[in-house]
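A.B. asks: Structure below; questions to follow.
The values are calculated or read from the model by the stated rules, or taken from the named source; none is laboratory data. All values derive from a computational prediction rather than experimental measurement. With ideal geometry, Cβ positions are generated from the backbone for all residues, glycine too; neighbour counts draw on all protein chains shown. Quick note on the areas: whole protein, heavy atoms, side chains included, nothing else; ligands and nucleic acids left out. Shrake-Rupley method; radii C 1.70, N 1.55, O 1.52, S 1.80 Å.
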Amino acid sequence: MTDQTPVCRRLVGRTAVITGAGSGIGLATARRLASEGANVVCADIDETAGKAAAAEVGGLFVKVNVTDPDEVEALFKAAFDTYGSVDIAFNNAGISPPDDDSILTTGLDAWKRVQEVNLTSVYLCCKAALPYMQRQGKGSIINTASFVARMGAATSQISYTASKGGVLAMSRELGVQFAREGIRVNALCPGPVNTPLLKELFAKDPERAARRLVHVPVGRFAEPDEIAAAVAFLASDDSSFVNAADFLVDGGIAGAYVTPL
Ligand SMILES: NC(=O)c1ccc[n+]([C@@H]2O[C@H](COP(=O)([O-])OP(=O)(O)OC[C@H]3O[C@@H](n4cnc5c(N)ncnc54)[C@H](O)[C@@H]3O)[C@@H](O)[C@H]2O)c1
């Protein structure tokens, strides 16, 4: 931000729980929501990264494995006990391990691990957050899916894609079920994001990067800040009529047939 950048303070007094806050999209979102005035609860399985994120944004760190129901319950309770409300749940932690690949080579272990971390976790986090939001009569839940929930890839990560399809359908259903209680639930569908992992992968193999970039109308991957800005919008009252949406932030990938040269 420059000195001229208008400061958006849409989340003053709100409490946001962010899973996977130690890195990538989660970290960028912790910074953004804190800058908009929210109390931020940084949840991560990685204690070092999660603690650093919380310290940076002046928030609370809670160590959690998002696949564990008791730990997830304790996470939302800690948020409520510390700050007095649970207004925003950004259920974002996820993995994409190399042993999740083509259906022909992906074993049941990898399949189940990815389903647990990417999909069961979102079920657990929504289940834990909703009662607080019901009591408040308001809340915004944002679940991280992916553009691959909407489009097929010849470079398959079969369990990852299926897990994100599940996140999309579950978010839509919850958005419909709880709408009249003042709770909105949206699925965020980022396109490929310039994270350290992606950079390393594509630096090693430029052909792999080129093969993907040709499909992106804007000709580049997203920066984590650009995804965080979309989360801040979905978390705030500016999106008060956005609900049960597949919220694509993908630079136009899902809308493209032919892209510019
Ligand atoms: N990076 C992309 O290009 C991209 C694109 C679309 C969707 N997504 C999705 O966005 C989300 C965040 O991705 P990212 O690129 O920022 O990833 P990342 O690897 O940079 O960060 C993920 C964080 O989640 C934490 N985490 C992993 N397993 C956990 C568990 N069991 N319990 C608690 N925390 C756990 C990690 O420690 C890490 O801090 C994921 O759901 C991912 O699938 C990413």
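A.B. asks: In segment 150-178, what residues are in a helix (DSSP H, G or I), within 12 Å of the ligand (Cβ to nearest atom) and open to solvent by 30 Å² or more (accessible area, probe 1.4 Å)?
C.D. replies: Residues satisfying the conditions are TYR160, THR161.
A.B. asks: State whether the residues of segment 115-126 include one that is out of contact with any helix residue (DSSP H, G or I) (no Cβ under 8 Å at 6 or more places or on another chain), free of Cβ contacts under 8 Å to residues at least 40 places away in the same chain and not polar (S, T, N, Q).
C.D. replies: no
A.B. asks: Pairs under 6 Å by beta carbon, first residue under 18 Å from GLU226 (Cβ atoms) in segment 1-28, partner surrounded by fewer than 24 Cβ atoms within 10 Å (Cβ to Cβ) and modelled with pLDDT under 95, six or more apart or different chains?
C.D. replies: Correct list of pairs: GLY24/THR195.
This table checks each residue for (1) at pLDDT 95 or above; (2) closer than 25 Å to GLU223 by Cα; (3) in contact with a Pro (Cβ under 9 Å, 6 or more places away or on another chain).
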site: ASP3; (1), (2), (3): no, yes, no
site: GLY22; (1), (2), (3): yes, yes, no
site: ILE45; (1), (2), (3): yes, yes, no
site: ALA52; (1), (2), (3): yes, yes, no
site: VAL64; (1), (2), (3): yes, no, no
site: ALA79; (1), (2), (3): yes, no, no
site: ALA93; (1), (2), (3): yes, yes, no
site: GLY107; (1), (2), (3): yes, no, no
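A.B. asks: For segment 1-101, please list each of the helices (runs of 4 or more DSSP H) lying entirely inside it that holds at least 2 residues being more than 14 Å from the chain's Cα centre (by Cα) and away from the ligand (no atom under 15 Å from the Cβ).
C.D. replies: Correct list: 24-35, 69-83.
A.B. asks: Residue pairs, Cβ under 6 Å, 6 or more apart or interchain, first in segment 133-155 and more than 18 Å from SER121 (Cβ to Cβ), second open to solvent by 60 Å² or more (accessible area, probe 1.4 Å) and of a type in the set (Asp, Glu). List them.
C.D. replies: GLN134/GLU181
A.B. asks: Keeping to segment 62-83, report how many residues are within 19 Å of LEU11 (Cα to Cα) and open to solvent by less than 50 Å² (accessible area, probe 1.4 Å).
C.D. replies: The qualifying residues number 2.
A.B. asks: Another question about this same structure. Could you list, ordered by first residue, the pairs with Cβ atoms under 6 Å in which the first is in segment 174-200 and among the hydrophobic types (A, V, I, L, M, F, W, C) and the second is open to solvent by 40 Å² or more (accessible area, probe 1.4 Å), at least 6 apart or interchain?
C.D. replies: ALA179/ASN243; ALA187/ASP246; LEU188/PHE247; CYS189/PHE147; CYS189/ASP246; CYS189/LEU248
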